[in-house]
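Step one of this worksheet: look at the structure below.
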Amino acid sequence: MAGRARFPRSVYTRGQEPDARFTLANERTFLAWISTGLALLSVGVGLESLAVGLQPGFRLAASVTLILGGIACALQAWFGWMRVETALREQRPLPASTMLVVLSAVLVITGGFVLAGLIAA
């Protein structure tokens, strides 16, 4: 990698190069969060565009919640990757993810909207 700057410099200029297995595992976790975010976005768009038999207000609320959850997953992917990569490079304990609580809340809230929309329809 000599002569080529790596992005983001704020991560790669810190500490020492970690074992490649850990970096690759961190990248797989990044891709898993991206996949989860894409799934949430897709379901949110599909729920609204297919106009399933839900009361429209609740359907829109569920769709928006899923789409916002998808965006949050994409942000978690990036910032989580940076935090873990920095911790690996600085030989610190790995940080915990707060997104697990957020993702659970998104699903509970969406489920509540869908249930209410079914009952109200």
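Every number in this text was worked out from the coordinates using simple rules, so none of it is lab data. On a predicted model such as this, the values are computed, not experimentally measured, just so you know. Counting neighbours? That spans all protein chains shown, and the Cβs are built from the backbone with ideal geometry, glycine included.
Listed values, structure above:
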| quantity | calculated |
| --- | --- |
| Crossing angle, helix 99-120 versus the chain [Cα axis fit, 0-90 degrees, rounded to tens] | 10 degrees |
| For peptides 111-120, 70-79, sequence by mean Cβ density within 10 Å, most packed first | 70-79, 111-120 |
| Proximal charge balance of Ser10 [Cβ under 13 Å; K/R count +1, D/E count -1] | +3 |
| Sum of -39500 (n - 2.57) over DSSP H runs of 4+, divided by residues of the chain (222 nm, nearest 500) | -26000 deg cm²/dmol |
| Residues Thr13, Thr23 arranged by fewest to most Cβ contacts within 10 Å | Thr13, Thr23 |
| Helix 56-89 axis, angle to the chain major axis (alpha carbon atoms, nearest 10°) | 10 degrees |
| Electrostatic dipole magnitude of the chain [Cβ: Lys, Arg +1; Asp, Glu -1; Cα centre; debye, to 20] | 340 debye |
| Farthest toward positive dipole pole in the chain [+1 Lys/Arg, -1 Asp/Glu at C-beta], among Thr98, Ala74, Ala20 | Ala20 |
| Spatial separation of Cα centroids for the stretch 28-75 and the stretch 80-121, in angstrom | 13 Å |
